[in-house]
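For reference, the structure is listed below as structure tokens.
Every number in this text was worked out from the coordinates using simple rules, so none of it is lab data. As the structure is a prediction and not an experimental result, all values here were calculated from the model. For neighbour counting, all protein chains shown are included, and Cβ atoms are generated from backbone atoms with ideal geometry for every residue, glycine included.
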């Protein structure tokens with residue numbers, strides 16, 4: 001009896017990519033493939049790529065060469081954002097078989113089924129297919145939106161992902177029901193610009209949230225990231241009173257200087273951003289609030305960087321995602337003067353990492369002794385199980401298989417700063 005072909009995948013980049021890779025592997029299993037670990041010898045390797053920074057692209061090239069080295073007879077398919085934006089560069093890597101952009105990567109299995117797979121021209125992404133990850137018994141990333149119409153001057157993602165698009169609420173809810181039926185207990189809503197969900201169907205993210213909150217079987221929803229100008233007061237109040245939406249917000253800032261925000265073509269001011277955060281805190285004092293911050297963008301001199309530091313110090317943030325500016329081909333920022341030297345970008349990044357560490361310690365410390373509900377995960381970490389509270393504090397408890405996938409009320413006890421987690425006591 002002929003053995004099924006084996007397929008392995010490696011995902012780089014965002015939660016959106018992880019959802020899409022997981023969807024592809026589920027489809028591969030349905031068509032008779034056997035999924036194996038990426039470090040094993042496989043007949044087909046799929047690398048779902050990222051193009052958000054030059055570092056991300058270097059990692060992509062390294063992973064591609066790793067796949068080729070593991071089996072020189074394998075089909076090596078490179079898909080996703082880096083493939084979309086620079087297919088020619090990837091095709092030059094020895095051993096690459098297929099390069100598929102974001103519009104065609106969902107066709108990979110059909111193309112592999114051809115007698116002799118032919119090269120596919122990279123076209124503009126236009127279609128939309130909901131997707132969700134399924135390799136975790138507790139948490140699922142659910143792609144509800146794709147693409148972006150904002151064209152911030154530093155960002156290559158609109159070229160890679162196309163214009164904003166999504167399914168309607170009814171179609172999205174049908175997929176959400178499948179996720180609930182799979183047994184997942186926490187769903188993270190993902191997208192390139194999630195807040196624009198429904199803008200072409202006459203609907204809104206708020207309407208989707210209201211329907212999801214009524215869905216039986218899902219214990220908790222999170223929104224992975226939402227632009228500050230799209231996070232409305234109505235949405236904040238809804239989360240504060242929701243049955244299932246967690247008090248956890250990821251709100252990109254990028255710069256704490258109005259001058260730099262204008263150069264980036266961001267759609268809000270620092271004052272508007274601060275108002276959103278303080279409103280969240282007024283309704284949800286224990287909420288987790290994270291921000292993306294870019295340092296070293298063109299035009300960010302020492303004075304405007306210090307403005308960012310001062311602004312972030314005053315904000316009620318729980319932690320930061322900090323990254324130095326990386327020049328991206330095809331973006332408007334390439335035509336701007338006043339470049340910041342790379343060494344200075346890294347210095348500024350280190351300053352904000354220190355600030356983030358201090359904010360995270362303060363956020364965890366204020367949780368000590370409080371009662372929260374924790375969703376316990378399946379992995380056994382040296383005899384312990386881990387889980388997260390609704391406001392994203394990590395908890396640890398002696399491993400008990402009966403608790404996997406359940407939500408338990410706990411009291412947060414000893415905080416271990418090195419591991420960034422609490423020991424807890426069950427209270428129910």
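For residues in region 374-398 being crowded, with 17+ Cβ neighbours inside 10 Å and more than 23 Å from the chain's Cα centre (by Cα), which is nearest to residue 426 (Cα to Cα)?
Ranking the candidates gives 397 first.
For region 19-129, please list each of the helices (runs of 4 or more DSSP H) lying entirely inside it that holds at least 3 residues being within 30 Å of residue 294 (Cβ to Cβ) and over 20 Å from the mean Cα position of the chain (by Cα).
Output list reads 54-70, 87-91.
Residues to consider are 191, 198; find the one that is touching a strand residue (DSSP E or B) at 6+ places or on another chain (Cβ under 9 Å) and closer than 30 Å to residue 331 by Cα.
191
Of the residues 410, 322, only one is touching a strand residue (DSSP E or B) at 6+ places or on another chain (Cβ under 6 Å) and closer than 18 Å to residue 286 by Cα; which?
Only one candidate qualifies: 410.
Provide a single number: the residues in region 316-356 that are at negative phi and assigned to a loop (DSSP other than H, G, I, E, B).
14
Of the residues 183, 217, 202, which single one is in contact (Cβ under 8 Å) with a residue 60 or more places away in the chain, over 22 Å from residue 290 (Cβ atoms) and surrounded by fewer than 15 Cβ atoms within 10 Å (Cβ to Cβ)?
Unique residue meeting the criteria: 183.
So, residue 208, is that one over 17 Å from the mean Cα position of the chain (by Cα), closer than 20 Å to residue 235 by Cβ and buried (at least 22 other Cβ atoms within 10 Å of the Cβ) or not?
yes
Starting from residues that are touching a residue at least 12 places away in the same chain (Cβ under 8 Å) and over 18 Å from the mean Cα position of the chain (by Cα), keep the ones in region 164-175 and report whichever is surrounded by the most Cβ atoms within 10 Å (Cβ to Cβ).
172
Please determine, by comparing only the residues of region 251-285 that are out of contact with any helix residue (DSSP H, G or I) (no Cβ under 9 Å at 6 or more places or on another chain) and assigned to a helix (DSSP H, G or I), which one is farthest from residue 373 (Cα to Cα).
In this case the residue turns out to be 262.
In region 54-91, how many residues are out of contact with any strand residue (DSSP E or B) (no Cβ under 7 Å at 6 or more places or on another chain) and surrounded by fewer than 19 Cβ atoms within 10 Å (Cβ to Cβ)?
16
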